[in-house]
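Here, each number is a calculation from the coordinates, and none is a lab measurement. As the structure is a computational prediction, the values presented were derived from the model and not from experiment. When we count neighbours, we look across all protein chains shown, and the Cβ atoms used for this are built from the backbone with ideal geometry, even at glycine.
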């Protein structure tokens with residue numbers, strides 16, 4: 001559908017997101033640091049046991065001889081930046097959409113609700129061997145252009161692994177951010193963290209699969225290579241990690257002899273999918289997912305899982321409601337008024 005009528009698809013996607021998720025992901029602005037916000041609002045009478053004495057407005061208190069506090073409102077004109085994993089593994093899918101299309105939908109869910117509040121959305125597009133930056137802009141037209149650029153970046157069938165140019169984006173040279181070419185997800189996260197220092201929302205959309213050259217010994221001895229740069233990013237920004245999964249990456253069918261192609265390297269292998277192979281594969285896939293989940297937890301990021309065989313809008317809505325309830329419990333426990 002996206003290939004036949006992309007503009008119509010994106011407009012329907014916006015309507016679906018707005019109707020079913022409005023007020024759940026962003027709603028009102030949230031501050032960039034823990035607490036109710038940073039901008040001064042109106043003064044009101046101090047409520048003992050409820051208000052923080054650090055917010056006391058001493059000037060109004062002196063004039064009225066009654067204790068007053070100054071409410072704080074959240075920051076405005078925020079910048080949300082997304083890192084889109086557009087490596088070949090994201091072009092895999094066995095259901096109604098491939099993982100790349102689901103990644104576009106995830107970006108749309110965050111992007112449309114963000115630009116409706118007047119904020120800006122930009123993106124870093126991680127492609128094989130290079131990174132492309134889409135500047136942060138506000139408005140629906142800019143959001144449509146970004147989503148269309150990601151759809152246009154899909155490789156042609158039978159074409160080499162090199163990515164196509166993104167019209168309207170700014171190419172970032174292979175050595176723009178480091179002394180080595182932009183490689184996997186770790187380099188992409190580090191590039192985004194160095195390139196965008198203003199506090200805001202950061203969204204990492206990827207399948208978080210390990211690189212092809214990573215061995216079992218590396219996985220056992222170390223965490224994912226992207227954990228350290230993601231932890232640095234999460235120390236300064238609010239980070240949402242969106243993991244894109246296809247069910248065939250978790251469990252293989254019982255179909256006997258098959259030819260499998262590695263989308264990252266192009267290597268072709270003949271594999272007999274007997275029960276023993278399928279069980280070992282399912283165990284390895286479950287271990288990889290648990291490893292990703294634990295690493296994201298250690299980084300202190302929010303973790304949203306989207307699958308190509310599920311209703312992604314419902315999954316995002318459930319995730320947003322869980323986050324809102326968790327935020328409400330945290331505010332109640334701290335005694336700080338929302």
Determine, for 230, 304, 273, 257, the number of other Cβ atoms within 10 Å of each Cβ, and report the residues in order from fewest to most.
257, 273, 304, 230
With the Cα gyration tensor of segment 243-289 giving a ≥ b ≥ c as the square roots of its eigenvalues, does the rule (a/c under 1.5 for rounded; else a/b larger than b/c for prolate; else oblate) give rounded, prolate or oblate?
oblate
Taking 0.36 nm per residue of separation and subtracting the Cα-Cα distance, what length does fully extending residue 289 through residue 267 add?
5.6 nm
Put in order of increasing Cβ neighbours within 10 Å, starting from the fewest, 89, 206 give 89, 206
Of 138, 65, how do they rank once you tally other Cβ atoms within 10 Å and put the fewest first?
65, 138
